[in-house]
Amino acid sequence: MAAHQEKKTSEERKHKSTQNDTPTSQVQWGRAWEVDWFSLASILFLLMFAPLIVYYFVMSCDQYQCSLIDPLIDLLTGNKYLSDIWNKTPTLTYRAAGIYALWVTFQVFLYVLVPDFCHKFLPGYVGGVQEGAVTPAGVVNKYEINGLQAWIITHVLWFANAYYFHCFSPTIIFDNWIPLLWCANILGYAVSTFAMIKGYFFPTNAKDCKFTGNFFYDYMMGIEFNPRIGKWFDFKLFFNGRPGIVAWTLINLSYAAKQQELYGQVTNSMILVNVLQGIYVLDFFWNEAWYLKTIDICHDHFGWYLGWGDCVWLPYLYTLQGLYLVYHPVQLCTANAIGILMLGLIGYYIFRMTNHQKDLFRRTNGNCKIWGKKPEYIECSYMSVDGTKYYSKLMTSGFWGWARHFNYTGDLMGSLAYCLTCGFEHILPYFYIVYMTILLTHRCIRDEHRCFSKYGKDWKRYTAAVPYRLIPGIF
């Protein structure tokens with residue numbers, strides 16, 4: 001969306017008006033103000049069971065060769081008790097704590113203290129200081145975009161160690177995987193708790209805080225919109241991109257190294273996982289400036305959902321395919337390998353080109369060509385908390401004329417490709433496509449609810465012009 005601020009007179013600024021039936025005194029875009037019973041029940045479920053789900057998946061691989069059913073059978077038949085499984089689980093170690101502390105500290109150092117230089121010599125890359133989208137309170141934050149640089153430096157050091165310095169084994173992540181899980185949980189809960197306390201007592205911007213009065217909802221979904229320490233350390237950008245996503249490709253490399261150590265070779269399925277997920281990670285960092293305009297930054301407040309989720313859920317459950325392939329190496333036939341590769345690449349192409357069309361449209365304020373034609377759009381308006389009026393243009397042509405979230409469709413195709421690399425012996429590696437389908441469908445609905453609250457009647461005009469969410473003609 002290309003937004004520009006409308007110049008207002010002093011009388012207009014004082015006037016407590018409404019826009020599209022939405023009161024400006026309590027703007028609805030961003031996180032909810034009130035909690036219904038279903039939302040509260042969902043949040044309590046996630047707070048209680050999400051950490052157990054992560055533990056169950058990792059434990060299943062460690063003790064049951066990645067079977068999700070055998071642990072349940074053992075428990076139900078009395079062959080084992082929960083205490084038996086727990087006692088066999090590796091505990092937190094000083095070694096893991098040191099590795100994790102060094103990792104997070106290094107990523108903070110790269111994020112805060114090393115200004116981006118990649119944009120100076122990489123054509124087309126947008127890095128350095130960039131502005132984010134306007135917040136509900138009308139604030140425009142600045143960010144130091146240097147994720148690609150951090151990824152490159154980290155991986156250069158990783159390969160330099162693997163081939164020259166030999167300070168640690170390339171399998172170090174796999175070898176300490178469960179002890180590192182406890183470290184990730186400690187950080188996830190610590191940063192989420194700190195963010196909540198900060199929101200109450202010393203918020204970065206009080207006008208961008210939302211309190212429902214429900215402790216569990218506020219803890220999970222967050223109070224502050226953009227919590228920061230100092231001028232540049234932004235919680236949302238750091239934890240969304242670092243340390244979890246930088247680690248994603250390192251985790252997969254560690255899995256590949258473990259396969260080589262155990263079996264004397266790296267299977268083509270493991271190579272496909274590394275390549276396809278590596279493309280996704282590199283795309284994220286290449287387009288980190290674009291990421292500032294996405295739902296995570298533009299709508300989500302920072303709480304347990306992002307803090308713990310980025311520290312634990314993302315690195316542990318998004319890498320299940322590689323973990324599975326360590327225990328069950330799969331060598332695909334050439335035709336299957338090519339088919340999976342093509343599915344992943346086509347999915348990536350749709351994902352990237354759909355986002356590119358939106359970004360081009362936004363950057364040029366609609367003065368561009370999409371598929372050789374001037375794009376069609378619907379102009380919308382909305383209000384910030386201070387009563388300032390803004391305009392946005394919602395594109396209705398190109399991929400965005402096919403479906404309102406066609407970029408998610410490409411994302412799901414890529415997600416399915418990751419899972420297919422693992423064959424069909426176990427259901428564990430297919431958790432990712434099931435989860436992503438639920439997540440992105442829910443995100444569609446959540447995003448559209450917010451857009452309706454933000455744009456009102458203009459959003460109805462848009463959905464009438466583009467009636468499908470993900471799959472043209474179906475959904």
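The values are calculated or read from the model by the stated rules, or taken from the named source; none is laboratory data. What you see is a predicted model, and the numbers here were worked out from it, not measured in a lab. A quick note on method: Cβ atoms are made from the backbone with ideal geometry, for glycine too, and the neighbour counts reach across all protein chains shown. We work out accessible area using only protein heavy atoms, side chains counted, and drop any ligands, DNA or RNA first. Shrake-Rupley method; radii C 1.70, N 1.55, O 1.52, S 1.80 Å.
Details
- Rounded to the nearest whole Hz, the Karplus-based 3J(HN,Hα) values (6.51 cos²θ - 1.76 cosθ + 1.60, θ = phi - 60°) of the range 373-378 follow the sequence 10, 5, x, 8, 7, 10, with x at glycine and proline.
- Ligands, DNA and RNA left out, the accessible area of the range 334-474 computed with a 1.4 Å probe is 63% carbon and sulfur.
- Size of the chain as Cα extents on the principal axes (Å, biggest first): 72, 52, 48
- Over 28 Å (Cα to Cα) - which of Lys120/Lys258; Lys207/Lys454; Lys120/Lys373 fall in this group: Lys120/Lys258; Lys120/Lys373
- Close amide-amide hydrogen proximity is noted between Thr396 and Glu376, Tyr377, Ile378, each under 5 Å apart and 5 or more residues distant or on a separate chain (H modeled in the peptide plane; Pro and chain starts excluded).
- Three-way shape call for the range 80-143 based on the alpha-carbon gyration tensor, with the a/c threshold at 1.5: prolate
- The orientation-averaged shadow of the Cα convex hull for the range 334-474, equal to a quarter of the hull surface, comes to 10.5 nm².
- Residue separation of Cys333 and Cys368 scaled by 0.36 nm, minus their Cα-Cα distance, works out to 8.2 nm of gained length.
- Computed over the chain: relative contact order in percent, which uses C-alpha pairs under 8 Å that are six or more apart: 23 percent
- Environment charge at Ser392 (Cβ cut-off 10 Å; Lys +1, Arg +1, Asp -1, Glu -1): +1
- In the chain, the DSSP-assigned H stretches of four residues or longer account for a calculated mean residue ellipticity at 222 nm of -18000 deg cm²/dmol, using -39500 (n - 2.57) per stretch and the full residue count as denominator.
- Rounded D (µm²/s) - the range 163-294, Kirkwood Rh over Cα pairs, Stokes-Einstein at 37 °C, 0.692 mPa s: 187 µm²/s
- Cα radius of gyration and Dmax for the range 110-203 (Å): 18.4, 51
- Between Phe38 and Ser381, the C-beta separation translates, for a Förster distance of 41 Å, into a calculated FRET efficiency of about 0.85.
- For the range 380-475, averaging the sequence separation of C-alpha pairs within contact (under 8 Å, six or more residues apart) and dividing by the residue count gives a relative contact order of 42 percent.
- Averaged per residue, the chain has 45 square angstrom of accessible surface, using a 1.4 angstrom probe with ligands and nucleic acids left out.
- Modelled label positions at Tyr200 and Ile69, each set 7 Å beyond Cα in the direction of Cβ, lie 4.7 nm from each other.
- Converting phi to 3J(HN,Hα) with the Karplus coefficients 6.51, -1.76 and 1.60 and the offset θ = phi - 60°, the range 459-473 yields 5, 4, 4, 5, 5, 5, 6, 10, x, 9, 8, 10, 10, x, x Hz in sequence order, with x at every glycine or proline.
- The stretch between Thr193 and Phe215, if pulled fully straight at 0.36 nm per residue, gains 6.8 nm over its current Cα-Cα span.
- Space enclosed by the convex hull of the alpha-carbon atoms of the range 75-234, per residue, Å³: 200 Å³
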